[in-house]
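Only one structure is covered here, and it is reproduced in the block below.
The values are calculated or read from the model by the stated rules, or taken from the named source; none is laboratory data. Quick caveat: nothing in here was measured; it's all calculated off a predicted structure. FYI the Cβ positions are ideal-geometry reconstructions off the backbone, even for glycines, and counts take in every protein chain you see.
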Ligand code: E4P
C-alpha cells in the first residue's frame, strides 16, 4: 500500500518524508489556499518545492472545468516536474481530458469520486489513480469504506490498472480499513500516518526495557 500525504504544508511533507515511508503527495485548491499559496506563479512554484522534497507522485489539480482549459493547464503542470500527476475532476470533460493525457503518457488522478459508476468511467479512460473520498461520504452518513470495497471488486473483475487512491482519509482506522480492503494507495493528513505508531503497550514496554537496562548497567 502506498502512503501519500494530503497537504500543501511543506513542514508536514518534510516530517512525513523523513520517516522514509512516504510515496507521494496529494494537494487540492483548498489545501493550497489553507497554506496561503495564491496566484498562478506561486502555486506552480509550490508544486516544484513539493516535488523537490518527495521522490514520488505529486498530484496537482487543474482549476478549469472545460476540456481545452484542462488540457492547457494539465500540460503546463506536467511540464513542471517528472513527478507531477495531473489531478482532474470527475466530470464529462474531465473524462475526456484523462483519456487525452493517458494517450500522451501523462499520469492522472481522477478526483471527487463518490460512486462505482464514476470509478468505472475513470478506469475506462485510463486514469493512473482514482480518488474516492472516504471521509466526505462518512460526513453525510454514507459508507465511504463500502465504496472502496465496491471499486476494488469492479477493478479486480476486469484487471483495470487504475490504482485506487483512498482519499479524504481522516484517521488511522480509515487507513487500516482501506488496507484490509486492498486500496492501492491512501492519502490523509500527517496525523493519520503518525497515529499508526501509537500503542500504549509499546510505550510501557520500552520504558521497562530501558529501566531494566539502566539497573544492570549503572
Ligand atoms: C483528495 O485528494 C483530497 O485532496 C482530499 O483527500 C480531500 O480530503 P477532505 O475531505 O478531508 O478535505
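Which one of the conditions (1) assigned to a helix (DSSP H, G or I); (2) closer than 26 Å to residue 125 by Cα; (3) more than 15 Å from the ligand (Cβ to nearest atom) does residue 48 fail to meet, given that it meets all the rest?
Condition not satisfied by residue 48: (2).
Can you list residue pairs whose Cβ atoms sit under 6 Å apart, with the first residue in segment 122-148 being touching a residue at least 40 places away in the same chain (Cβ under 8 Å) and the second being more than 11 Å from the ligand (Cβ to nearest atom) and not in a helix (DSSP H, G or I)? Count only pairs 6 or more apart in sequence or on different chains.
Cβ pairs passing all conditions: 128/107; 128/108; 129/163.
Does any residue in segment 16-27 that is free of Cβ contacts under 8 Å to residues at least 12 places away in the same chain come within less than 8 Å, Cβ to Cβ, of a residue that is away from the ligand (no atom under 11 Å from the Cβ) six or more places away or on a different chain, and which pairs are these?
No pair meets every condition.
What do you reckon, is residue 17 more than 16 Å from the ligand (Cβ to nearest atom), surrounded by 16 or more Cβ atoms within 10 Å (Cβ to Cβ) and under 15 Å from the mean Cα position of the chain (by Cα)?
The answer is yes for residue 17.
Anything in segment 1-40 that is closer than 20 Å to residue 108 by Cβ and either at pLDDT below 95 or assigned to a helix (DSSP H, G or I) (or both)? List them, or say none.
Within segment 1-40, 29, 30, 31, 32 meet the criteria.
Could you tell me which numbered condition residue 191 fails, if it satisfies all but one of (1) within 14 Å of the ligand (Cβ to nearest atom); (2) under 23 Å from residue 17 (Cβ atoms); (3) in contact (Cβ under 8 Å) with a residue 24 or more places away in the chain?
For residue 191, the exception is condition (3).
Matching residues to (1) at negative phi; (2) surrounded by fewer than 22 Cβ atoms within 10 Å (Cβ to Cβ); (3) within 13 Å of the ligand (Cβ to nearest atom):
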| position | (1), (2), (3) |
| --- | --- |
| 156 | yes, yes, no |
| 162 | yes, no, no |
| 183 | yes, no, yes |
| 187 | yes, no, yes |
| 196 | yes, yes, no |
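Residue by residue through segment 100-118, note down the ones that are assigned to a helix (DSSP H, G or I) and within 16 Å of the ligand (Cβ to nearest atom).
The answer is 118, and nothing else.
Looking only at segment 119-144, which residues are more than 14 Å from the ligand (Cβ to nearest atom) and either crowded, with 17+ Cβ neighbours inside 10 Å or under 27 Å from residue 78 (Cα atoms) (or both)?
Answer for segment 119-144, where residues must be more than 14 Å from the ligand (Cβ to nearest atom) and either crowded, with 17+ Cβ neighbours inside 10 Å or under 27 Å from residue 78 (Cα atoms) (or both): 119, 120, 121, 123, 124, 125, 126.
Checking residue 43 against (1) more than 13 Å from the ligand (Cβ to nearest atom); (2) surrounded by 17 or more Cβ atoms within 10 Å (Cβ to Cβ); (3) closer than 24 Å to residue 179 by Cβ, which test does it fail?
Every condition holds for residue 43 apart from (3).
Counting just the residues of segment 55-89 that are more than 21 Å from residue 33 (Cβ to Cβ) and touching a strand residue (DSSP E or B) at 6+ places or on another chain (Cβ under 8 Å), which one comes out surrounded by the fewest Cβ atoms within 10 Å (Cβ to Cβ)?
Ranking the candidates gives 81 first.
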